[in-house]
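The values are calculated or read from the model by the stated rules, or taken from the named source; none is laboratory data. Here the structure is a predicted model, which means the values were calculated and not measured. When we count neighbours, we look across all protein chains shown, and the Cβ atoms used for this are built from the backbone with ideal geometry, even at glycine. These area figures cover heavy atoms from the full protein model, side chains too; ligands, DNA and RNA do not enter into them. Shrake-Rupley method; radii C 1.70, N 1.55, O 1.52, S 1.80 Å.
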Amino acid sequence: MSKTYSVAVVGATGAVGEAMLAILAERQFPVGKLHLLASERSAGEKVAFGAQKLVVEDLATFDPAGVDIALFSAGGSVSKQYAPKFAAAGAVVIDNSSAFRYDDDVPLVVAEVNPEQVANRPRGIIANPNCSTMQMLVALAPIHRAAGIERINVATYQSVSGAGRTAMEELGRQTAAMLNFQPHEPAKFPVQIAFNLIPHIDEFLDNGYTKEEMKLVWETRKILGDASIQVNPTAVRVPVFFGHSEAVHLETRRKIGADEARALLEDAPGVEVVDEREPGGYPTPVTHAAGTDPVYVGRIREDLSHPRGLDLWIVSDNIRKGAALNAVQLAELVVKERS
């Protein structure tokens, strides 16, 4: 009989938690006992796992003894409070928040980019990167290895699901209200999101960038293991439910043409190239990303303004690959290491 593992999903009633459960079932992860954990407010609810309905337990009163793997997606404050307790009890914690990403003794891992770092977890905690960094580096890592990346200019077009269920509800309500000529007021976002773009995600920092933008800088350098890479980001929230998009402009150390880049990307794990120079021959959040696992890359072309420049359009489902899928992939790496 093959070995099974006791798994806890913290934040099981959230959008990412629900996706984690779906992916654990889809990929037939060797779950023995499964604990669904959330706040006291959600305790007692029933959540689907495959054909089963499991009862959500209260995280605050849960004893983590015996848990092998804990998948956290309940926000940074919850992770800071509870992840060390689960790790101390013997669990490997895979955390989806930003609580530990920048700690030197916590690996920041993208399954297709630096999987070997999973084993380097002295605190028993592995950090999942930010969704926008995640999809970008799945695509950029093979190019960096082949030609070296000096600089990245990136503008993100991030869906509202990245801000949680309340953000999706707000987009839906505002859209319905506007189509029915009804009044509407922003609540989750600082300004209207329906039929609008908001160049503001997370808090503003002293340098004029937002924290979401600086995550792209910090995380890119840590994951690729190269502090010399320059990253210039602009993060924008767009009225799309699922799927982040990114316009990425690279400057490489060695000139790499569009054909070579396309060939590298076609061979890259987790990447699907959609790059036909015709109407619809490119990936979009709705037609490709939403509900699927790959990182899609299109509009591959050489930068007219730089001798070693390359332009890409990168699209992926921020809830699946950007959060839940990578967490499960990291759990699979932990299982593989123990088998």
Next on the checklist: In whole percent, and with a 1.4 Å probe on the protein chains, what portion of the accessible area of the chain is carbon and sulfur?
Outcome noted: 52 percent
Item to check | For the range 1-76, share of DSSP beta bridges that run antiparallel, in % to the nearest 5 | outcome: 25 percent
Checklist entry - Dipole magnitude of the chain about its Cα centre, charges +1 at Lys/Arg Cβ and -1 at Asp/Glu Cβ only, in debye to the nearest 20? => result 400 debye
Next on the checklist: For a 23 Å ceiling on Cα separation, which of these pairs sit above it: Lys215/Lys255; Lys188/Lys211; Lys80/Lys222; Lys222/Lys321; Lys53/Lys188?
Outcome noted: Lys215/Lys255; Lys53/Lys188
Checklist outcome for this item: Counting sequence-distant residues (5 or more places) and residues on other chains, those with an amide H built under 5 Å from that of Ile319 are Gly243
Checklist outcome for this item: In the range 149-278 the DSSP beta bridges are antiparallel at a rate, in percent to nearest 5, of 55 percent
Item to check | Average accessible surface area per residue within the chain, 1.4 Å rolling probe, Å² | outcome: 44 Å²
Checklist outcome for this item: the chain: antiparallel bridges as % of DSSP beta bridges, rounded to 5, reads 45 percent
Item to check | Rounded to whole Hz, the Karplus (6.51, -1.76, 1.60) HN-Hα couplings of the range 180-187, x for glycine and proline | outcome: 10, 6, 9, x, 8, 10, x, 10
Next on the checklist: Using amide H atoms built in the peptide plane, which far-off residues or other-chain residues are under 5 Å from Val236 H to H?
Outcome noted: Thr156, Tyr157, Gln158
Next on the checklist: Given the DSSP H assignment, sum -39500 (n - 2.57) over each helix run of at least 4 residues in the chain and divide by its residue total; what's the result at 222 nm in deg cm²/dmol, nearest 500?
Outcome noted: -9000 deg cm²/dmol
Checklist entry - What value does the chain have for Rg/Rh, both radii from Cα atoms and Rh as Kirkwood defines it? => result 0.97
